[in-house]
Amino acid sequence: MKELLLGNAAVARGAYEAGVRVVSSYPGTPSTEITENMVRYADVDVEWAPNEKVAAEVAIGASLANARAMSCMKHVGLNVMADPVFTASYLAPPGGLVFCVADDPGMHSSQNEQDSRHYARASKILMLEPSDAAECKAFTKEAFSLSETFHTPVFVRLSTRVSHSQALVSLEEPEVRQPAPYVKDATRVAVPVNSRKMHIAVEKRLEDLRAFAEDCALNRVERHGSRIGVITSGISYMYAREALGDAVDYLKLGMVYPLPSRLIQDFAKGLDKVYVIEELDPYLEEHCRTLGIPVIGKEAFSLIGEYNADMIAQAVLGKPLAKEKTEPMEALPVRPPVMCAGCPHRGVFYVLHKMGLHVAGDIGCYTLGANAPLNSMDFNVCMGASIGTAFGMVKAQGRAFGQKVVSVIGDSTFIHSGITGLIDIVYNRGNNTVLILDNSTTGMTGHQDNPTTGKTIRGVPTKQVDLELLCRAIGVDRISIVDPFQVKELEKTLREELQADEPSVIIVQRPCALLKGVRYEGRYQVTDDCRRCGQCMKLGCPAITRKDGIVSISPIQCIGCGLCANVCPFGAIVKEGSR
Amino acid sequence: MTGNIMIVGVGGQGTLLTSRILGTLLLSQGLDVKLSEVHGMSQRGGSVITYVRYGEKVYSPIIEAGQADYVLAFEQLEAARAVGYLRKDGCLLVNTQKLEPMPVITGAMAYPEGLLASMQKRCRTLCVDALSLAEQAGSAKCVNVVMLGVLARQMKFSVDAWTQAIRTTVPEKFLAMNEKAFALGLQYSAE
Ligand SMILES: Cc1ncc(C[n+]2csc(CCOP(=O)(O)OP(=O)(O)O)c2C)c(N)n1
């Protein structure tokens with residue numbers, strides 16, 4: 001049977017067919033739907049972990065206890081989980097162990113554009129790279145078996161266009177597997193005396209894998225009798241096929257670490273020109289150069305962003321992909337993402353902007369508070385960093401700066417890695433103010449539950465982390481809970497907490513407007529009392545527009561949250577039908 | 001030959017559901033299909049593009065400048081942004097609704113005047129007040145399926161095949177409304 005599946009759903013299907021038993025992940029675009037799709041399979045133990053490091057550890061543990069296990073993350077998630085992953089490479093646990101990492105060339109939804117293939121080399125872990133959904137399924141399945149055959153964890157590298165494209169996938173029956181009983185093996189205690197031996201085994205394993213790579217079916221030569229060759233992998237292969245068709249020969253690499261040196265040399269022999277086409281870094285290219293093959297790589301293709309077929313046609317054939325195009329339209333206003341109508345974060349950033357505070361930002365829907373007209377974020381780094389960075393700023397600028405800067409961090413991000421930063425502030429006698437924006441969900445990545453929401457990935461009720469008690473337990477004495485739509489109260493609380501010469505936490509609580517069960521009654525409208533002061537325009541609500549000085553609220557876009565009525569100084573915004 | 005349909009709109013307008021209905025339809029015709037979707041940040045009210053490609057064998061999941069046979073646009077400005085993706089004799093189907101992007105709301109830029117006319121000058125353009133039709137069907141949310149009805153009239157697939165695709169894709173709860181929206185789109189004659 002064939003089904004149209006999203007690349008990520010196909011990865012999930014592959015894992016299921018391979019008899020995966022445990023899947024632990026932390027969400028992150030473009031990887032999230034892999035784990036979400038695992039929920040379809042009742043027998044799989046699937047969970048959202050608090051962060052990628054824990055997710056990887058759970059998968060490693062399951063594999064140590066003989067089960068097939070997987071953990072999925074976006075590229076920057078791999079940074080977070082790198083520590084356990086590098087040593088898991090040494091431990092080589094017995095159950096098939098797969099890490100799916102999804103890169104985001106072009107940064108559709110990411111803070112940077114790193115190329116995960118470097119991690120495979122650095123951690124000495126086998127890496128596969130599928131080109132479409134059909135291969136996503138096949139390669140994931142293969143990854144589990146290679147993991148067990150070669151005693152290694154396996155990476156599956158995805159990218160946005162592979163993860164988020166649908167293609168036809170043939171479905172097969174799942175393997176039924178029972179993990180063998182666990183037996184202690186103390187040689188897996190990673191202390192120097194053991195690790196030295198394990199490292200020797202890792203290098204031996206790499207030699208075996210290099211030999212395997214030379215003639216495994218994952219790496220494929222397609223000859224069309226051309227004088228030009230293309231070495232490529234992943235989505236770049238699809239772009240190249242689209243652009244060049246049968247006009248060139250291809251070496252399509254499905255296994256991108258370790259690389260098959262002899263196969264590459266044989267492929268290049270007798271060709272006049274060999275192009276290496278790969279997103280992002282010159283990873284394959286550099287390997288070819290070490291083999292002495294004079295390939296054409298980044299001198300013809302970009303180091304930055306996504307590729308496409310047109311770019312490849314221009315570079316290799318010297319002509320564009322499409323013969324005649326409709327004339328494009330220029331100089332159109334851009335449409336950046338915005339906080340939704342009814343977003344609870346809006347009230348917070350309205351107040352922060354009004355108070356002119358410095359804001360150490362973090363990653364989530366609230367990062368949109370950086371955009372006009374709210375304009376209230378100074379910078380952000382990575383998940384959890386809002387707290388440590390703000391503490392560093394106060395150290396640099398002096399204690400009084402603690403009254404001018406706040407950290408903003410979402411509930412999921414706080415649990416992910418914000419809590420440790422807060423412990424640092426308490427432990428080292430800081431005076432920072434931290435706003436935890438608790439919207440009862442992991443919003444940015446599409447509304448996953450997390451340890452603060454009281455539900456598991458399968459919707460099963462569970463214990464809920466009490467943010468207030470948690471902060472109190474680590475030694476924060478000043479904790480307030482505020483509704484972000486009560487802007488006056490929020491401002492007053494902020495003033496008090498910034499003044500206090502000790503750590504403060506303000507938990508700003510209101511659920512995301514897109515969550516099921518969040519309903520606001522009615523819509524709001526502007527009355528004749530409007531004095532055109534423009535205060536409501538400072539909210540940056542997509543439902544509120546102004547034409548020739550006259551403000552109006554779109555009845556289609558308004559969801560009735562009433563924040564605009566709270567900020568209107570003249571009471572000129574009222575609920576429809578209330579007058 | 002590969003067929004190329006591009007669906008553009010604003011995050012939240014249901015481009016995802018639309019491409020999935022199309023995918024199901026094309027699959028039922030025994031074609032190879034690739035869809036490319038957008039998840040993540042731009043779903044929060046940004047410009048959203050999905051691609052639908054079909055034929056005997058499809059490689060790239062992306063439609064590039066000058067390749068699209070049809071652009072199905074749920075908003076005027078987004079339609080304008082996508083015009084250059086059409087092949088010379090491609091067809092633009094545009095919902096005439098306007099949604100102001102934030103740079104327009106803040107007054108940093110103006111919503112361009114005369115967009116429809118400039119589009120009509122460039123390519124075959126069908127303008128549809130899909131919002132009114134959607135409201136007639138029961139909800140402004142059905143703009144996407146109204147537009148699908150308009151597209152169906154341009155394409156060669158049977159109404160049965162379209163209906164079947166809608167039935168397998170749309171959740172039961174919203175089915176009646178969406179079937180109505182589709183029918184209104186299908187009846188709509190823009191020329
Ligand atoms: C290390 C890492 N993992 C995952 C992500 C993807 N990601 C971006 S924001 C976010 C969660 C945001 O949730 P929350 O903090 O609750 O804020 P909200 O979006 O709900 O406002 C995630 C998982 C990331 N950027 N970095």
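The values are calculated or read from the model by the stated rules, or taken from the named source; none is laboratory data. Computed from a prediction, not measured in an experiment: that's the story for all the values here. Neighbour counts are summed over all protein chains in view; Cβ atoms, including those assigned to glycine, are modelled from backbone coordinates with ideal geometry. We work out accessible area using only protein heavy atoms, side chains counted, and drop any ligands, DNA or RNA first. Shrake-Rupley method; radii C 1.70, N 1.55, O 1.52, S 1.80 Å.
Computed quantities for the displayed model
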quantity: Radius of gyration and Dmax over the Cα atoms of segment A:277-394, both given in Å; calculated: 22.2, 61
quantity: Cleavage-rule hits (GluC sites (Glu not before Pro)) in segment B:1-67: DSSP loop, at most 13 neighbouring Cβ within 10 angstrom; calculated: B:Glu56
quantity: Straight-distance crosslink candidates among aspartates and glutamates, where the alpha carbon sits under 18 Å from B:Lys57 and sequence neighbours closer than 8 are dropped; calculated: A:Glu3, A:Asp132, A:Glu135, A:Glu222, A:Glu242, A:Asp246, B:Asp32, B:Asp69
quantity: Highest to lowest packing among A:53-61, A:490-498, scored as the average C-beta count within 10 Å; calculated: A:53-61, A:490-498
quantity: Those GluC sites (Glu not before Pro) in segment A:275-331 that DSSP places in a loop and that have at most 12 other beta carbons within 10 Å; calculated: A:Glu299, A:Glu324, A:Glu330
quantity: At least 40 Å² accessible surface lost relative to isolated chain, residues of segment A:337-368 (1.4 Å probe); calculated: A:Pro337, A:Val338
quantity: Two-decimal Rg to Rh for segment A:524-575 - Kirkwood Rh, Cα set; calculated: 0.89
quantity: Shielded residues, segment A:161-178 - accessible-area loss of 50 Å² or more between chain alone and all protein chains, probe 1.4 Å; calculated: A:Arg161, A:His164, A:Gln166, A:Leu168
quantity: Given charges at beta-carbon only (K, R positive; D, E negative), |dipole| of the protein assembly as shown in Debye; calculated: 620
quantity: Accessible surface, per residue, of segment A:1-101 when the full set of protein chains is kept, probe 1.4 Å, Å²; calculated: 26
quantity: A:Lys124, A:Lys252, A:Lys325, reordered so the largest accessible area comes first (probe 1.4 Å); calculated: A:Lys325, A:Lys124, A:Lys252
quantity: Cut-off 11 Å between beta-carbons: net charge of the residues surrounding A:Ile387, Lys and Arg +1, Asp and Glu -1; calculated: -2
quantity: Pairwise label distance in nanometres, A:Asp281 with A:Lys492, each label 7 Å out on the Cα-Cβ vector; calculated: 5.4
quantity: Theoretical ellipticity at 222 nm over chain B - DSSP helices of four or more residues, -39500 (n - 2.57) apiece, nearest 500; calculated: -12500 deg cm²/dmol
quantity: Dipole of segment B:3-187, positive direction: furthest Cα of B:Leu184, B:Gly3, B:Leu99, with charges on the beta-carbon; calculated: B:Gly3
quantity: Relative packing of A:352-359, A:9-16, A:469-476, which averages over residues the other C-beta atoms within 10 Å, highest first; calculated: A:9-16, A:352-359, A:469-476
quantity: Set of lysines near A:Lys492 by C-alpha distance (under 16 Å), chain-local residues within fewer than 8 positions excluded; calculated: A:Lys354, A:Lys404
quantity: Test item: A:307-313 mean partner chain Cβ contacts at 10 Å; calculated: 3
quantity: Dipole of chain A, positive end: most advanced residue of A:Ile200, A:Cys512, A:Leu321 [Cβ charges, Cα centre]; calculated: A:Cys512
quantity: Quotient of Cα Rg and 2.2 N^0.38 Å for segment A:345-509, N being how many residues it contains; calculated: 0.96
quantity: Over 23 Å between alpha carbons, listed pairs A:Lys53/A:Lys463; B:Lys98/B:Lys121; A:Lys455/A:Lys516; A:Lys2/B:Lys88; A:Lys2/A:Lys74; calculated: A:Lys2/B:Lys88; A:Lys2/A:Lys74
quantity: Reachable aspartates and glutamates from B:Lys141, criterion Cα separation under 16 angstrom, eight or more residues apart if same chain; calculated: B:Glu75, B:Asp129, B:Glu172, B:Glu179
quantity: Separation in nanometres of the label points that stand 7 Å from Cα toward Cβ, at A:Lys547 and A:Arg223; calculated: 6.7
quantity: Solvent-accessible ranking of B:Met155, A:Met107, largest area first, probe 1.4 Å; calculated: A:Met107, B:Met155
quantity: Computed helical MRE - 222 nm, chain A, DSSP H runs ≥ 4 contributing -39500 (n - 2.57), nearest 500; calculated: -10000 deg cm²/dmol
quantity: Cα-based Rg / Dmax (Å) for chain B; calculated: 15.6, 49
quantity: Buried solvent-accessible surface, both chains (B, A), 1.4 Å probe, Å² to nearest 100; calculated: 4900
quantity: Residue-level accessible surface for A:Ser440, protein heavy atoms, 1.4 Å, Å²; calculated: 50
quantity: Neighbour net charge for B:Ile5 - beta-carbon separation under 11 angstrom, K R +1, D E -1; calculated: 0
quantity: Mean accessible surface per residue for segment A:345-509, computed with a 1.4 Å probe while every protein chain stays in place, in Å²; calculated: 39
quantity: Heavy-atom accessible surface of the protein assembly as shown: percent carbon and sulfur, 1.4 Å; calculated: 52
quantity: For A:233-239, mean number of other protein chain Cβ atoms within 10 Å; calculated: 2
quantity: Residue-normalised accessible area of segment B:30-134, given per residue in Å² at a 1.4 Å probe; calculated: 31
quantity: For segment A:216-254 versus segment A:101-116, the gap between their alpha-carbon centres in whole angstrom; calculated: 24
quantity: Net charge dipole size for segment A:282-439 [Lys, Arg +1 and Asp, Glu -1 on Cβ; Debye, nearest 20]; calculated: 500
quantity: Cβ-placed point charges (K, R +1; D, E -1), dipole of segment A:227-346 about Cα centre in debye, nearest 20; calculated: 100
quantity: Separation of alpha-carbon centers, segment A:445-481 and segment A:309-331, rounded to whole Å; calculated: 51
quantity: Solvent-accessible area lost in complex, 40 Å² minimum, residues of segment B:12-54 relative to chain alone, 1.4 Å; calculated: B:Leu27, B:Lys34, B:Leu35, B:Glu37, B:His39, B:Met41, B:Arg44
quantity: Rule-of-thumb Rg ratio for the protein assembly as shown [Cα; 2.2 N^0.38 Å; N residues]; calculated: 0.99
quantity: Nearest-10 value in Å² for the accessible area of A:Tyr237, using the 1.4 Å probe; calculated: 10
